[in-house]
Structures are given as C-alpha cells and as structure tokens.
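What follows is a single structure, written as structure tokens, with notes after it.
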Amino acid sequence: MRSVIRVPALDPKYKIAVLAAKQDHCLIDLLHGWQDRRLSVDIITSVISNHYQSPENEVIRFLEMHGVPYHYLKTTAENKREEEILELVQNTDFLVLARSYGEDIINIHHGLLPSFSSSNPSKQAVDAGVKLIGATSHFVTERLAAGPIIEQMVERVSHRDKLQSFVQKSENLEKQCLTSVIRSYCELRVLPIEEKNTVVF
C-alpha cells in the first residue's frame, strides 16, 4: 500500500457508502452519528447488504426517512456481485464495511487482530481464556482481516464473563472503534505507510 498525502479543504465533507452485514449494531450507530453530525460525513450515498431486511426493520425505515437508498444484493461463493457493488459506490469518497463483507475501504472486525480472525472471535476468546477482548478497524486488502490496522479498542474480561458477555462487550467496542476511525479518516489523520502499517495523528 502506498503512502498518500491528502490536502484537506477548510471544512471537508465526505460521501460514503456502507456495506452492511446481518448484524446491524455498527450500522445503526454510524447512521445516528451521521444524523447527529458527529462525523464529517455529508452524504451516505447508499447502504448495501447481502442480507435481506424487512421493510418494517428500523434500519430500513430510518434510511427511507432520510432518503438513503438501500440495496439488497444476494451473494454466493460463485457470485460476489462485485461489478454491481462497484457501480453503486462509484461516486463515493470511501467505503465503510459495518462488519465483514484500490479505493479506501475501512472494515470493523469484532476481535483483536491478528488474533481471533475467524467469523466467531468471541467464542475463540472465551475458549482461550483471554483477559482482554477488543475490536479492530483496518483497511481492506485481498487477504481476509489482514489489512493495515487503523485503530484497536480493548476491554478487560475475567473468568466470570460468559460468551454472551463477551459478545456484548465486543459489539460496544466495535461501535466506538468504527466511529473513531471514520472521524480520524475524515479529518485526514490516517496515513497508510508501507504494506501493513498506518500512522494516526
């Protein structure tokens, strides 16, 4: 990954697209951060998901209320619908992956990378008897959960915490971590260096 120097406008505002997964807690937090103007995001151009959401779902109703297009694209191992996704996001400044799903793409992972990179890191953490759990935000590369790390947040756990407690704490960390990274990125404080590293000012 090359280092890139970006010169900001006096009051930069960004257009982003969100690729969402089945778990929607990060997406909901991001939408409220945008609505409350806590983020330097002017427009959310679209939300794209590979999981169907009912029209009565609170996320869908929120998007309709604010005029944000929602696109459901069913994907398979043979057809990732990549061309359609690229068409939908071509007029955005960067992409946000609100859970795992070239241009800058930011992902949030519900585990402390590089450990526990599977799809169920909370179960791995419980089984390993760890005393710290976390969430990791990173740039997306071709290798799964292996892009340059931008931010990590942690919380202490103990033998008294069960799996559900691990999951709840991880979800809270995910929301905080993703919001922090989007704010840092929009404020031009994230600089990728070399292949596996970043500097955050």
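The values are calculated or read from the model by the stated rules, or taken from the named source; none is laboratory data. Because the structure is a prediction, the values reported are computed rather than measured. Glycine also receives a Cβ, built like all others from the backbone with ideal geometry; neighbour counts cover every protein chain displayed.
Do we have any residue at all in region 178-188 that's in contact with a Ser or Thr (Cβ under 7 Å, 6 or more places away or on another chain) and over 21 Å from Ala17 (Cβ atoms)?
No, there is no match, as no residue in region 178-188 is in contact with a Ser or Thr (Cβ under 7 Å, 6 or more places away or on another chain) and over 21 Å from Ala17 (Cβ atoms).
Residue under question is Asn107, and the condition is that it be over 24 Å from Glu195 (Cα atoms) and polar (S, T, N, Q); does it hold?
For Asn107, the condition - over 24 Å from Glu195 (Cα atoms) and polar (S, T, N, Q) - is not met.
One line per residue, one yes/no per condition, for (1) assigned to a loop (DSSP other than H, G, I, E, B); (2) at pLDDT below 90; (3) outside the structural domain of Ser184 (by the TED database):
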| site | (1), (2), (3) |
| --- | --- |
| Ser46 | no, no, yes |
| His51 | yes, yes, yes |
| Pro55 | yes, yes, yes |
| His71 | no, no, yes |
| Thr76 | yes, yes, yes |
| Asn79 | yes, yes, yes |
| Leu86 | no, yes, yes |
| Gln90 | yes, yes, yes |
| Val96 | no, yes, yes |
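Specify the residue that is surrounded by the fewest Cβ atoms within 10 Å (Cβ to Cβ); the eligible residues are those in region 110-135 that are part of a loop (DSSP other than H, G, I, E, B) and either β-branched (Val, Ile, Thr) or touching a helix residue (DSSP H, G or I) at 6+ places or on another chain (Cβ under 7 Å) (or both). I'd like the intermediate steps shown before the answer.
Pass one, region 110-135, residues part of a loop (DSSP other than H, G, I, E, B): 110-120, 129-131.
Applying the additional criterion that residues be either β-branched (Val, Ile, Thr) or touching a helix residue (DSSP H, G or I) at 6+ places or on another chain (Cβ under 7 Å) (or both) yields 110-111, 116, 118, 130.
Numbers: His110: 26, Gly111: 24, Phe116: 23, Ser118: 11, Val130: 17.
My answer is Ser118.
Quick one: would you say Lys123 is closer than 20 Å to Cys26 by Cβ, out of contact with any strand residue (DSSP E or B) (no Cβ under 6 Å at 6 or more places or on another chain), charged (D, E, K, R) and outside the structural domain of Leu95 (by the TED database)? First the steps, then the outcome.
Numbers: closer than 20 Å to Cys26 by Cβ: yes; out of contact with any strand residue (DSSP E or B) (no Cβ under 6 Å at 6 or more places or on another chain): yes; charged (D, E, K, R): yes; outside the structural domain of Leu95 (by the TED database): yes.
Considered against the rule, which asks whether it is closer than 20 Å to Cys26 by Cβ, out of contact with any strand residue (DSSP E or B) (no Cβ under 6 Å at 6 or more places or on another chain), charged (D, E, K, R) and outside the structural domain of Leu95 (by the TED database), Lys123 comes out as yes.
Only one of (1) among the charged types (D, E, K, R); (2) in contact with a helix residue (DSSP H, G or I) (Cβ under 9 Å, 6 or more places away or on another chain); (3) assigned by the TED database to the domain that holds Val47 is not met by Asp161, so which one is it?
So the condition that Asp161 fails would be (3).
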